[in-house]
Amino acid sequence: MHLQVIQTKIYEIRGQKIMLDFDLAELYDVQTKRLNEAVKRNIERFPERFMFRLTITEWENMRSKIATASVQTKRNTTVTPYAFTEHGVTMLASVLKSNKAIKVNIAIVEAFISLKEFALNYKEIADKLKELESTYNKQFNDVYEAINYLLQKDKQEIAQKKRNKIGYNER
């Protein structure tokens, strides 16, 4: 299972990284209905912070953004999909016990981990860029100030030369 394929199925909703039930069913090679039945049989393993149902608005927003959701022709549009957080996906391993489910679950957890590592690296890079920006902005401000001073000085000299002289002229 390629991490990139899995990562394309990880979305952000309510400030959390999630995977949708139909994407998980596809990865586990089971029907969405069967995956949700297994979850419902073990619902005590899936508190709200592990799994929740998308609101209609959230689902409509996602359908407009992702191609996989728009392919969901069999899904009842009034019933929104379940969203599984990273912990919910991990909990699926205890519900789905086939060898394929175990391998897929490991790959999914690795995908979540690599996304976290990327986010941490991105934050470090962003912090470094801010530091460089503030350092160089100060230096550039000094350069701009010097250039502006020189331009003003040139303008003053030109203005002085254009003035009509009054007073005693030596010839």
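A short reminder: the numbers here are calculations on the coordinates, not readings from a lab. All figures in this text were calculated on a predicted structure; none of them were measured in a lab. Cβ: placed from backbone, ideal geometry, glycine included. Neighbour counts: every protein chain shown.
Remarks
- Two-site label geometry, SER134 and GLU117: point separation in nm, points 7 Å out along Cα→Cβ: 3.0 nm
- Helix content alone sets the calculated 222 nm mean residue ellipticity of the chain: runs of n ≥ 4 DSSP H residues at -39500 (n - 2.57) each, divided across all residues, give -21500 deg cm²/dmol.
- Pairs beyond 26 Å (Cα-Cα), from LYS130/LYS153; LYS65/LYS116; LYS103/LYS123: LYS130/LYS153; LYS103/LYS123
- Look at the dipole of the chain built from charges on Cβ: of MET91, TYR144, ASN36, the Cα furthest out on the positive end belongs to TYR144.
- Within a Gaussian network of the chain (alpha carbon springs, distance under 10 Å), most fluctuating of ALA93, ALA159, ALA111: ALA159
- Estimated FRET transfer efficiency when R0 is 22 angstrom, pair GLU48-ILE102 (beta carbons, to 0.05): 0.30
- Here the Gaussian network model covers the chain, with springs between Cα atoms less than 10 Å apart; of THR55, THR85, THR135, THR135 fluctuates the most.
- Extension gain for the segment LYS33 to GLU12, taken as residue separation times 0.36 nm less the Cα-Cα distance, is 5.3 nm to one decimal.
- Going through (i) 78, 42, 31; (ii) 58, 39, 30; (iii) 110, 32, 27, the figure that equals Cα extents along the principal axes in Å as computed for the structure here is (iii).
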